[in-house]
Amino acid sequence: MTDFVHIEGSPETLLRCVHCNVMYHESENAQGSCQVHRKPGNPKFCCGLNAPCLSTKHRSQHHNEFPYSALLQRISDVVNYTDTVDTWGSVSDQSEEAEATVYLLHRWQTRAAALPRPLLLLKVGNPWRWTEDEQTPFLFATYSCQQLKELEEKEGQADAEVEICNSAGAVAAWVFDGAGKLKGVKISSFDNCKMVNFTASAPGDDPTAWALQQGEVEVVSEVQREYCPSGGAEVYTSVPQQHPPIQLGAPVAGAQARPAREFETAGDLCVRCVQTSPLTCSGYRRDKSGAGQDEFSGAISVVNLQASTTCVVKVWAQWRFVGDSEWLDVPASCFRPHLDAPFSVPPNHSASLAFRATLATQSGSVKDVHESRKGSLLAKDRPLRLRVCMESADYKTCSHVLEYVNRVTWLETRKPQDQLFLYADNQDSGDRVVVRCYNEQGWNSREVRVGSRCVDEDALRGIATEAAAQPDAVSPIEGLGADDSTHKVTVWPVVDANCKRVALLKVLLERKDCKSAAMGYLPVDLYGDVKVKREASLPGDLALHFPPSLLQLPDQVGDNKQYPQDDSFDDTPVGYGKQRLEKLRKESGKEELVARMLQMLIPE
């Protein structure tokens with residue numbers, strides 16, 4: 001009601017503001033004239049500041065445009081007592097974010113004087129959770145019999161429903177019967193829907209004696225609540241359908257094509273080389289000029305098989321691809337043996353020769369390749385071989401061949417905890433980006449993790465509320481995706497229409513440097529505190545499709561040529577090394593020493 005005072009001789013009425021309880025003239029009312037706190041009581045429970053946080057105009061009547069302390073106090077005085085109202089019907093979801101109630105109002109405060117005629121009171125939404133950013137609508141309004149009759153005359157249509165308020169999923173609507181007469185109020189939330197019937201009648205012909213009478217409360221839909229024997233929170237039994245993920249772009253090979261071969265020493269220098277460390281590639285690098293380089297390393301043991309000391313005066317290296325017959329010299333600056341020549345090997349002894357070799361890649365093959373790439377860029381299509389050559393002081397030479405077969409062992413794969421594992425590979429660079437998705441138990445509640453980001457139960461409820469409000473235009477979840485220099489992750493919610501909960505998360509992983517992507521559904525673990533005995537009601541079309549903008553990108557330009565994976569150019573007769581040792585044993589007479597060398601240095 002409006003408080004006003006008419007002063008004799010004054011041209012206008014003095015009004016009382018419902019916000020701040022101050023008397024004012026409407027002619028002097030302006031924005032900023034009224035300054036109060038939004039919430040009643042101690043300011044520390046409102047904004048934490050002593051200065052008022054609400055600056056607006058004076059208002060003479062209560063309204064629902066935004067919450068203010070007097071309205072919130074009035075709501076508390078009414079709904080928290082049993083002698084103020086009779087509850088005719090109420091619906092709410094589990095988190096009480098979406099709630100709607102129909103009351104019969106008897107008095108505004110407990111133990112206060114009763115109203116001459118009870119009023120119909122509708123409360124929709126929760127104004128205590130109203131924020132400047134969201135500004136969720138709410139309703140707290142009363143209706144007299146006279147107002148209901150006027151509403152019937154103005155809005156009444158046969159079998160019509162007129163929405164009163166929609167607050168974050170809580171909806172209240174007037175319902176009219178086939179004759180256009182007001183039948184009652186339908187209230188609904190995510191989980192429940194009720195029809196509260198009432199009549200406004202008067203005994204005899206006295207319109208002032210009109211009274212509201214409650215009719216039958218029809219339960220349109222209602223969840224079934226059960227006791228949870230485990231003692232924890234009750235949950236939904238929503239069972240989403242299973243849909244396998246889809247892939248765009250070929251994956252990088254994750255296994256070695258074949259084991260690297262070992263070869264015998266060739267040449268007229270009476271030494272034998274034994275490979276003590278496999279030829280490995282530490283990864284792709286760029287030099288100062290920006291050209292690509294592969295760094296190889298390996299080690300061999302040089303065994304002197306003759307009775308005199310062998311002096312090696314020169315060591316160099318050559319390389320070639322498997323299938324090519326021509327050897328290419330490794331520049332002296334790119335071949336770095338750990339044992340500098342000249343060096344000597346005493347009779348019946350060995351010397352360890354470790355080395356590093358840098359092989360330059362072709363300029364066209366290093367485009368968009370990251371320096372963090374492991375494995376060889378040169379040998380990504382076919383193996384290569386490195387030949388270490390030595391020359392003695394008497395101009396005798398020998399060589400030993402080491403082979404490298406590319407093996408991509410660093411690619412990330414699915415782990416036991418992953419409920420959804422998406423990956424996108426780059427064929428040129430050979431690297432992989434992955435997104436691991438799973439449900440886990442957080443500190444206080446269940447969490448859903450997508451990559452390094454996660455959301456908890458409260459966030460899922462808010463996501464479901466927004467998605468249910470616009471089912472035809474569901475937006476990606478902010479804060480759950482990722483966007484960096486190499487890839488982008490986008491996540492959309494899929495809401496169960498029966499339970500109004502997020503049942504699935506659709507995850508899209510797409511690379512930015514090539515046409516490679518992956519998409520799949522992550523089932524969201526059960527959450528909430530109500531058990532619903534019905535199957536999930538998901539959107540009809542859950543088939544996964546990549547965005548047209550992604551499909552229009554050019555495919556990765558790869559070399560489809562079939563390269564040889566092995567050749568026989570470096571093969572030597574079987575037992576070549578054994579034959580040389582047997583000849584040495586006969587010539588030198590040192591049978592025991594040569595037999596021990598034969599056993600230790602030549603694998604069977």
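Values computed for the structure shown
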| quantity | calculated |
| --- | --- |
| Spacing of the two label points (7 Å from each Cα toward its C-beta) at L339 and Y395, in nm | 2.5 nm |
| For peptides 117-123, 74-80, 354-360, sequence by mean Cβ density within 10 Å, most packed first | 117-123, 354-360, 74-80 |
| Mean projected area in nm² (Cα convex hull; one quarter of hull surface) for segment 419-468 | 4.8 nm² |
| Of all accessible heavy-atom area on segment 388-457, the percent that carbon and sulfur account for (1.4 Å) | 43 percent |
| Cα coordinate range in segment 7-115, projected on the principal axes (Å, largest first) | 51, 36, 23 |
| Surface per residue (accessible, 1.4 Å probe) for segment 486-526, Å² | 24 Å² |
| Potential extension, D159-Q147 segment - 0.36 nm per residue separation minus Cα distance | 2.3 nm |
| Amide H contacts of L339 (H built 1.01 Å from N, under 5 Å, at least 5 apart or other chain) | A354 |
| Heavy-atom surface of segment 386-473, accessible at 1.4 Å and reported per residue (Å²) | 49 Å² |
| Inter-centroid distance (Cα atoms) of segment 47-66 relative to segment 426-454, Å | 44 Å |
| Sites D525 and Q470, calculated FRET efficiency, Cβ-Cβ separation with R0 30 Å, nearest 0.05 | 0.75 |
| Stretchable slack from K181 to T110, in nm (0.36 nm times residue separation minus alpha-carbon distance) | 22.2 nm |
| Note, ³J(HN,Hα) from phi for segment 43-50, Karplus 6.51, -1.76, 1.60, rounded to Hz, x at Gly and Pro | x, 5, 8, 9, 10, x, 10, 6 |
| Highest average packing first - 512-522, 176-186, Cβ atoms within 10 Å | 512-522, 176-186 |
| Rounded accessible area per residue of segment 49-155, 1.4 Å, Å² | 51 Å² |
| Förster radius 35 Å - calculated FRET efficiency between Y81 and V219, Cβ distance, rounded to 0.05 | 0.85 |
| Accessible area of segment 119-197 belonging to carbon and sulfur atoms, whole % at 1.4 Å probe | 41 percent |
| Over segment 72-168, equivalent-ellipsoid semi-axes from the Cα gyration tensor in Å | 22, 22, 12 |
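The values are calculated or read from the model by the stated rules, or taken from the named source; none is laboratory data. Keep in mind it's a predicted model, so treat the numbers as computed, not measured. Every residue, glycine as well, gets a Cβ built from its backbone with ideal geometry; the counts of neighbours run over all protein chains shown. Quick note on the areas: whole protein, heavy atoms, side chains included, nothing else; ligands and nucleic acids left out. Shrake-Rupley method; radii C 1.70, N 1.55, O 1.52, S 1.80 Å.
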